[in-house]
Amino acid sequence: MPRKIIEFLFNALSVKEFLIFTGTFFVLTAFAMLTTDSFVRPEGCAGVIPLELAFTKPAFERMLTGCGEQGVRAHLILVWIDYLFIIAYTGFLGNLTGSLVKGLERGRALTYFSLPIFAGALDVIENFLLQSQLSHPDNLSGLIIFAASTAAAIKFLLIIATIAVIGYYLFVAVTKRTKTV
């Protein structure tokens with residue numbers, strides 16, 4: 001079943017003509033995240049990424065204490081906006097990766113294409129877990145915080161791997177193009 005979903009998404013997203021749309025959506029949602037963050041997160045409050053990578057209940061508690069009630073609300077707002085950002089970066093990275101690897105052997109192309117898709121899925125899980133903790137900061141769970149941080153760390157590794165694949169296949173495409181000219 002997951003392979004059929006990945007194949008469906010690959011066929012839908014691996015279209016070079018969508019790159020302008022997915023790239024624009026990615027840039028706009030990134031801008032919305034950064035702008036909202038600068039307006040709602042109080043001075044001295046930990047950013048989203050340190051919160052995502054807290055790993056332990058005491059570290060998470062320290063960050064929330066430094067943020068106060070207003071900062072906790074700000075992080076809840078940012079997590080909601082992050083759901084749009086997940087769609088944006090998953091769509092853009094999937095679109096770009098799929099467009100670059102479309103001519104490869106199908107299994108390898110699907111593997112590369114699935115990297116940002118799995119990153120996005122882990123990001124949704126991470127957000128859901130973070131929301132559960134931010135909504136009830138007096139009742140934090142070390143296990144849930146660790147699970148959210150683990151999902152975030154793996155997500156970042158998958159995004160880095162995706163960027164490496166994109167970089168490699170862009171280099172290959174440019175090299176092929178310059179050899180034919």
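Laid out as a table, the results:
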item: Some residue of the range 158-167 being touching a residue at least 40 places away in the same chain (Cβ under 8 Å), more than 16 Å from Ser114 (Cα to Cα), part of a helix (DSSP H, G or I) and of a type outside the set (S, T, N, Q); result: no
item: From Lys4, Lys16, residue being touching a helix residue (DSSP H, G or I) at 6+ places or on another chain (Cβ under 6 Å) and at pLDDT below 95; result: Lys16
item: The listed residue being surrounded by 14 or more Cβ atoms within 10 Å (Cβ to Cβ) and in a helix (DSSP H, G or I), out of Gly66, Gly94; result: Gly94
item: Residue in the range 2-13 that is closer than 28 Å to Glu105 by Cβ and either in contact with a strand residue (DSSP E or B) (Cβ under 6 Å, 6 or more places away or on another chain) or of a type in the set (Lys, Arg) (or both) present; result: yes
item: Among residues of the range 98-141, those that are closer than 23 Å to Gly71 by Cα, in contact with a Lys or Arg (Cβ under 8 Å, 6 or more places away or on another chain) and surrounded by 16 or more Cβ atoms within 10 Å (Cβ to Cβ), counted; result: 3
item: Looking only at the range 54-63, and only at residues there that are assigned to a helix (DSSP H, G or I) and among the hydrophobic types (A, V, I, L, M, F, W, C), the one that is nearest to Leu129 (Cα to Cα); result: Phe60
item: Selection within the range 106-119 - closer than 14 Å to Ile163 by Cα and in contact with a Gly (Cβ under 9 Å, 6 or more places away or on another chain); result: Tyr112, Phe113, Ser114, Leu115, Pro116, Ile117
item: Residue, farthest from Thr22 (Cα to Cα), within the range 64-89, restricted to residues that are in contact (Cβ under 8 Å) with a residue 24 or more places away in the chain and β-branched (Val, Ile, Thr); result: Val72
item: Positions within the range 1-53 being over 17 Å from Phe85 (Cα atoms), of a type in the set (Gly, Ala, Ser) and part of a helix (DSSP H, G or I), in sequence order; result: Ala12
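The values are calculated or read from the model by the stated rules, or taken from the named source; none is laboratory data. Being a predicted model, the structure only gives us computed values, none of them experimental. Cβ sites come from the backbone with ideal geometry, for glycine too, and all protein chains shown count toward neighbours.
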